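Student: The structure's right below; bear with me while I get my questions together.
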């Protein structure tokens with residue numbers, strides 16, 4: 001009797017080891033790409049069922065993201081302005097710096113957690129991630145190219161038709177497939193492994209210092225009305241009293257044509273904010289300290305200035321230097337080293 | 001009794017026979033609404049009573065400004081045809097978006113399939129409905145494929161996702177000179193009402209009656225309905241547009257006035273049944 005059960009257990013162990021082994025082997029060859037919503041995140045807004053993410057689609061999107069053929073003269077790619085080490089922003093540039101060194105009028109935001117965004121751009125003018133890449137491709141100050149020419153150039157390469165075949169079953173390069181591949185890549189770019197995330201998920205490595213915890217508490221109280229939830233934005237459009245002498249960009253009003261929306265901009269996510277300087281829609285502040293000085297002391301009044309800033313005697317948010325230091329310490333816990341080093345998102349080696 | 005009855009029957013049989021024979025001779029075969037056939041609409045761009053000529057001919061608007069036209073494009077979509085009996089046929093969405101371009105002769109005749117019938121009226125949207133403006137990219141094919149139109153024929157705003165419904169550009173001494181010395185005016189009119197916040201809605205519908213004429217759609221016979229589209233109506237209407245005061249109108253509150261004007265630019269001219 002004992003012998004038999006021993007044999008059975010032995011057999012089971014053998015099967016298990018074999019099975020585990022074959023599994024790991026498979027994943028070494030083809031690391032699967034699956035969209036996993038982080039436990040502390042809200043539901044995605046993007047309708048994933050209309051663009052199922054596959055390994056081949058994701059890889060094609062990645063290739064396209066780093067493809068200079070997307071610009072008129074082959075000089076820049078999406079990755080030129082959205083650099084991984086800076087959480088996919090244009091590090092060191094206040095406003096984006098495009099083709100022929102032409103300057104745009106806005107700061108490149110981080111590309112991260114796009115699946116959870118209801119709208120895109122500082123003014124929310126684009127409501128579907130699939131439609132987003134058309135804007136930089138066709139902008140005169142960014143890539144200055146026509147979508148049709150881009151598709152034509154890709155069709156003429158030897159590399160791309162087989163990649164489209166792999167990703168979508170047919171080698172034809174169409175607007176829809178091109179845009180959906182880019183979306184697949186950007187949808188997977190989820191940043192959710194900062195020290196703060198580990199702290200809220202009670203994972204290993206999620207220890208916050210006393211200063212950081214105090215910063216978090218002050219932040220929740222003084223900044224959380226707008227920078228709310230786990231994405232640190234409620235995606236609303238607000239006027240935060242940035243002086244309009246510097247930049248005449250009317251923000252949300254360009255989209256709604258509503259004078260009430262003048263100089264309102266989308267509340268940005270603050271994930272990886274310590275890596276994404278300079279700050280604000282026009283990159284006017286170089287440091288987080290300058291941002292906080294704006295909130296505490298330098299606000300300009302506007303008829304539609306957000307009412308949050310009118311609570312005290314003075315416009316803005318009352319903050320002393322100690323509180324600012326703590327807030328900044330907390331904001332640094334939102335940096336996600338895994339995200340900016342994730343090999344899956346880096347420029348593919350040819 | 002017996003004789004009278006059979007006489008009656010005989011009379012009846014003859015009568016029915018006679019009646020059907022007559023009927024056949026007088027009327028054409030009735031359209032069979034289960035059979036689909038083609039109808040063609042021609043959009044003939046004119047300027048008042050002249051044919052529109054790009055770049056070469058000078059026209060004058062109601063405020064007395066002279067201009068030439070270099071580009072005139074517009075979307076027409078969501079067609080509904082009405083028969084003499086008052087039945088309506090809504091052309092399926094996926095095959096009812098057309099971009100008419102003055103620079104492209106082929107784009108000016110649009111073809112649709114409708115049930116056989118005698119049609120007396122058509123209505124359509126000038127522009128692209130809001131649903132299609134927000135639809136998944138995979139459903140934006142043909143004239144709505146953003147890549148299909150390039151350069152000045154681009155009918156899409158990428159920074160403020162949405163189609164441009166009507167695009168009219170040209171030159172006028174009334175327009176201010178740009179750095180190259182050119183005096184251009186540009187009207188790019190769109191706006192589907194906004195996605196998450198309401199904004200201008202320039203989606204316009206027009207209904208065109210064929211007068212007392214019938215477009216007789218039958219299998220193998222596709223009538224051609226000839227519509228005239230008067231570019232002067234873009235300028236002249238409830239607001240008389242001045243190029244000097246508005247050389248460039250794109251996504252702005254003023255664009256609503258231009259859309260109200262161009263809503264009336266379509267008229268029935270004639271039709272051919274064949």
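Where a number appears in this text, it was derived from the coordinates with a stated rule and is not lab data. None of the values given here were measured: they were computed from a predicted structure. Reconstructed Cβ throughout: ideal geometry from the backbone, glycine too, with neighbour counts over all protein chains shown.
Student: Quick check on the protein assembly as shown: what are the equivalent-ellipsoid semi-axes from the Cα gyration tensor, as sqrt(5λ), descending, whole Å?
Tutor: One finds semi-axes of 56, 38, 24 Å for the protein assembly as shown.
Student: Calculate the all-directions average of the projected area of chain B's alpha-carbon convex hull, and give it in nm².
Tutor: Result: a mean projected hull area of 20.4 nm².
Student: While we're here: What percent of all Cα-Cα pairs in chain A falls into each 20 Å bin, going from 0 up to the bin containing the maximum distance?
Tutor: Percent of pairs per bin, in order: 27, 52, 17, 4, 0.
Student: Nearest 0.05, what FRET efficiency do residue A:213 and residue A:165 give at R0 = 56 Å with Cβ-Cβ as r? Intermediate values should be presented prior to the final figure.
Tutor: Numbers: r = 52 Å, r/R0 = 0.93.
The value I calculate is 0.60.
Student: Across peptide B:158-165, how many C-beta atoms of other chains are within 10 Å of each residue C-beta, on average?
Tutor: Mean shielding count: 6.
Student: Ignore the peptide's own chain and count Cβ atoms of other chains within 10 Å of each Cβ in A:124-137; give me the average, rounded. Don't jump to the answer; show the numbers that get you there.
Tutor: On the way: counts 4, 8, 7, 8, 6, 0, 5, 9, 2, 1, 8, 5, 2, 1.
The mean count of partner-chain Cβ atoms within 10 Å per residue comes to 5.
Student: So if the hydrodynamic radius of the range A:195-334 is defined as the Kirkwood radius over C-alpha pairs, what does Stokes-Einstein give as its diffusion coefficient at 25 °C and 0.890 mPa s, in µm² per second?
Tutor: Translational diffusion coefficient: 155 µm²/s.
Student: Pulled fully out, how much extra length does the chain show between residue A:55 and residue A:347, if you take 0.36 nm times their separation in residues and subtract their Cα-Cα distance?
Tutor: The residue A:55-residue A:347 span can extend by a further 103.5 nm.
Student: Related question: With each run of n ≥ 4 DSSP H residues scored as -39500 (n - 2.57), what mean residue ellipticity at 222 nm is computed for the protein assembly as shown after dividing by its residue count and rounding to the nearest 500 deg cm²/dmol?
Tutor: Details: 17 runs with 172 residues, N = 624.
Using -39500 (n - 2.57) per qualifying helix, the result is -8000 deg cm²/dmol.
Student: Measuring from label point to label point, each 7 Å out along Cα→Cβ, what is the residue B:201 to residue B:252 span in nm?
Tutor: 2.4 nm
Student: Assuming a viscosity of 0.890 mPa s and a temperature of 25 °C, what translational diffusion coefficient in µm² per second does Stokes-Einstein assign to the range B:31-132, Rh being the Kirkwood radius over Cα pairs?
Tutor: Roughly 157 µm²/s, to the nearest whole number.
Student: Continuing with the same structure: As an exercise, use a Förster radius of 35 Å and the Cβ-Cβ distance of residue A:45 and residue A:307 to find the FRET efficiency, rounded to the nearest 0.05.
Tutor: It comes to 0.85.
Student: Nearest 0.05, what FRET efficiency do residue A:338 and residue A:152 give at R0 = 41 Å with Cβ-Cβ as r?
Tutor: Working: r = 38 Å, r/R0 = 0.92.
Here the calculated transfer efficiency is 0.60.
Student: Return the distance in nm (one decimal) between the two label points of a simple spin-label model at residue B:221 and residue B:60, each offset 7 Å from Cα along Cα→Cβ.
Tutor: Taking the simple label geometry, residue B:221 and residue B:60 are separated by 4.6 nm.
Student: Expressed in nm to one decimal, what extension gain is obtained for the pair residue B:267 and residue B:105 from 0.36 nm per residue of sequence separation less their Cα-Cα distance?
Tutor: Details: separation 162, 0.36 × 162 = 58.32 nm, distance 1.90 nm.
Gain on extension, residue B:267 to residue B:105, equals 56.4 nm.
Student: Now, a different point. On average, how many beta carbons from a partner chain sit within 10 Å of the beta carbon of a residue in A:253-263?
Tutor: 4
Student: At what distance in nm do the modelled label points of residue B:34 and residue A:314 sit from each other, each positioned 7 Å from its Cα along Cα→Cβ?
Tutor: The answer from the label model is 8.3 nm.
Student: Two-decimal Rg/Rh of the range A:48-191 from alpha-carbon positions, Kirkwood Rh?
Tutor: Details: Rg = 14.4 Å, Rh = 15.3 Å.
Result for the range A:48-191 is an Rg/Rh of 0.94.
Student: When all C-alpha to C-alpha distances in the range A:295-350 are sorted into bins of 10 Å, what percent of pairs does each bin hold, rounded to whole numbers?
Tutor: P(r) over the range A:295-350, rounded to whole percents: 19, 27, 22, 17, 12, 2.
Student: Using packing as a proxy for protection, rank A:304-317, A:226-239 so that the peptide with the highest average count of other Cβ atoms within 10 Å comes first.
Tutor: Output ranking for A:304-317, A:226-239: A:226-239, A:304-317.
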